[in-house]
1. For segment 233-248, which residues satisfy the criterion of being of a type outside the set (D, E, K, R), open to solvent by less than 30 Å² (accessible area, probe 1.4 Å) and touching a residue at least 40 places away in the same chain (Cβ under 8 Å)?
2. Taking the options ASN57, ASN36, ASN71, name whichever one is without any contact (Cβ under 8 Å) to a residue 40 or more places away in the chain and either open to solvent by 50 Å² or more (accessible area, probe 1.4 Å) or aliphatic (A, V, I, L, M) (or both).
3. Identify, from the list TRP90, TRP86, TRP145, the residue that is at pLDDT 85 or above, farther than 30 Å from GLN40 by Cβ, touching a helix residue (DSSP H, G or I) at 6+ places or on another chain (Cβ under 9 Å) and open to solvent by less than 10 Å² (accessible area, probe 1.4 Å).
4. Could you run through segment 282-327 and say how many residues are part of a loop (DSSP other than H, G, I, E, B) and either open to solvent by 30 Å² or more (accessible area, probe 1.4 Å) or touching a Ser or Thr at 6+ places or on another chain (Cβ under 6 Å) (or both)?
5. From the list GLU65, GLU100, exactly one residue is at pLDDT below 95, acidic (Asp, Glu) and surrounded by fewer than 18 Cβ atoms within 10 Å (Cβ to Cβ). Which is it?
6. Would you call LYS223 in contact (Cβ under 8 Å) with a residue 60 or more places away in the chain and in a loop (DSSP other than H, G, I, E, B)?
7. Between a residue in segment 372-399 that is open to solvent by 90 Å² or more (accessible area, probe 1.4 Å) and any residue that is modelled with pLDDT of 75 or more, which pairs come within a Cβ distance under 6 Å, given they are 6 or more apart or on different chains?
8. Tally up the residues in segment 168-210 that are surrounded by fewer than 23 Cβ atoms within 10 Å (Cβ to Cβ) and of a type outside the set (D, E, K, R), please.
Amino acid sequence: FWLFLMQSQVFLLCLLLLLGVSVSASVQDSITPSYNETSQVWALSFLSGLANGHTANSTSVLLQETVTATNQMLNNTYVQSLIGTWDVVWGPAIYSRRSEHIADYCVFIAKQRNEPTWTLSIAGTNPLSLLDWMDDIRVRLTIPWHRIVRSAPRSSGSIARGTHNGLMGVMDMTDESGKTIIEFLRDTSFPGNSTFYVTGHSLGGALTSVVGLYIIDNEASWKTSDDSVAIKFRPTAGPTPGDSAWNDYFFTKIGSDPSAFLSEINTIDIVPQAWDATTLAQVPYFYTSCIPFNDLLNDTVHVTIEWANGQYQQMPKQSYFDGEFTMTGSIECNSPSELLNVDFFLQEAGYQHMNGYYEPLGICNFIQAFNCVADEVYTGKPLPAVTCHQNITCDVLPDIK
């Protein structure tokens, strides 16, 4: 009898443990995030930039740190309360062309748990990457789209050479499984009503449109008759990737679904004004309520316009929000020094290009959590503080230690 009772107790204990695990997993999987799906995607966009600004003894060490940081973010209970539960299914992958062991490109694909939703996130410009900076300004020459995708018509327009370099860099990358993005798509089953988002900020924003279009144009190499998936675009702050003919081709290919393309731009962010001559010409006047118009900046902008050679047109159907001038950093209004005014202009421009997006995109607390994890996993060097309407501290993320 006692043996039977003990065996029964052991059985019940095991059953309770199993139920506990099951209930715990069920609760974790059923988290209702406070962010809507678009803000979740934009948060994942910025997450791909974890490696930006960091170096390591080797690219493999940098990659492992990035994998660790990405997983810590996605597995953190506070972060999950914001964006829900997402799992990395491809990557993170890092491309480092030079010997400095920095991330020239960083990309990953995450899947929303228990939902047929994937997000391909492309990092923006790494301030330490010479390759990124060079690709940002390689706009003098353009590459016809039909030379990139042989099935595209000659009327499909052209994209900037630097954007082309970034596209090829991303599509040639492999993760630890040895698969490219196209090979991952080929080996993935997409049930009915699946959504595959492509997203990125800044350089990643420009690459979002070309990478997503490249995936659509190459559907024959990965999509089967059983797959049902909509490719949707969520770029932010991206410079113009191509000319008017390419824009027309892009919107013809992505279809009429109004949710297919949603691009957010801060009206006083200088980066998405490139490389359209009309919008670039407005840049010297952006902050004149505090920073006087100056000839040095104006001349620089006009050289930039000549460099772009009138080949580019802003993508239509973009959404704009009114940026708010902040007098960030050491800015002083109405300085008599032209050089100081250029410095003040660049300080404000840097703020508007990054911090100016966090609240309008609805991801400010996510960025604060991002900084906590980046500080912990990489060098331990604190990142610049981010201020939100409702601030958090790293104390809400005790499980990153």
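The values are calculated or read from the model by the stated rules, or taken from the named source; none is laboratory data. These figures come from a predicted structure and were not determined experimentally. With ideal geometry, Cβ positions are generated from the backbone for all residues, glycine too; neighbour counts draw on all protein chains shown. Quick note on the areas: whole protein, heavy atoms, side chains included, nothing else; ligands and nucleic acids left out. Shrake-Rupley method; radii C 1.70, N 1.55, O 1.52, S 1.80 Å.
1. From segment 233-248, those of a type outside the set (D, E, K, R) are 233, 235-242, 244-247; that's our starting set.
Now restrict to residues that are open to solvent by less than 30 Å² (accessible area, probe 1.4 Å): 233, 235-242, 246-247.
Once the filter is applied, which keeps residues that are of a type outside the set (D, E, K, R), open to solvent by less than 30 Å² (accessible area, probe 1.4 Å) and touching a residue at least 40 places away in the same chain (Cβ under 8 Å), segment 233-248 yields THR236, ALA237, PRO239, THR240, PRO241, GLY242, TRP246, ASN247.
2. On the way: ASN57 fails: without any contact (Cβ under 8 Å) to a residue 40 or more places away in the chain; ASN36 fails: without any contact (Cβ under 8 Å) to a residue 40 or more places away in the chain.
Of ASN57, ASN36, ASN71, the one residue that is without any contact (Cβ under 8 Å) to a residue 40 or more places away in the chain and either open to solvent by 50 Å² or more (accessible area, probe 1.4 Å) or aliphatic (A, V, I, L, M) (or both) is ASN71.
3. Sole residue among the options that is at pLDDT 85 or above, farther than 30 Å from GLN40 by Cβ, touching a helix residue (DSSP H, G or I) at 6+ places or on another chain (Cβ under 9 Å) and open to solvent by less than 10 Å² (accessible area, probe 1.4 Å): TRP145.
4. The initial filter retains those residues of segment 282-327 that are part of a loop (DSSP other than H, G, I, E, B), namely 282, 286-294, 309-318, 322-327.
Now drop any that are not either open to solvent by 30 Å² or more (accessible area, probe 1.4 Å) or touching a Ser or Thr at 6+ places or on another chain (Cβ under 6 Å) (or both), which leaves 282, 286, 288-289, 292-293, 309-314, 316-318, 322-327.
Counting residues in segment 282-327 that are part of a loop (DSSP other than H, G, I, E, B) and either open to solvent by 30 Å² or more (accessible area, probe 1.4 Å) or touching a Ser or Thr at 6+ places or on another chain (Cβ under 6 Å) (or both) gives 21.
5. Working: GLU65 fails: surrounded by fewer than 18 Cβ atoms within 10 Å (Cβ to Cβ).
So the residue among GLU65, GLU100 that is at pLDDT below 95, acidic (Asp, Glu) and surrounded by fewer than 18 Cβ atoms within 10 Å (Cβ to Cβ) is GLU100.
6. So LYS223 does not fit the description; no.
7. Going by the 6 Å Cβ cut-off, the qualifying pairs are PRO382/ASP375.
8. The number of residues fulfilling the criteria is 19.
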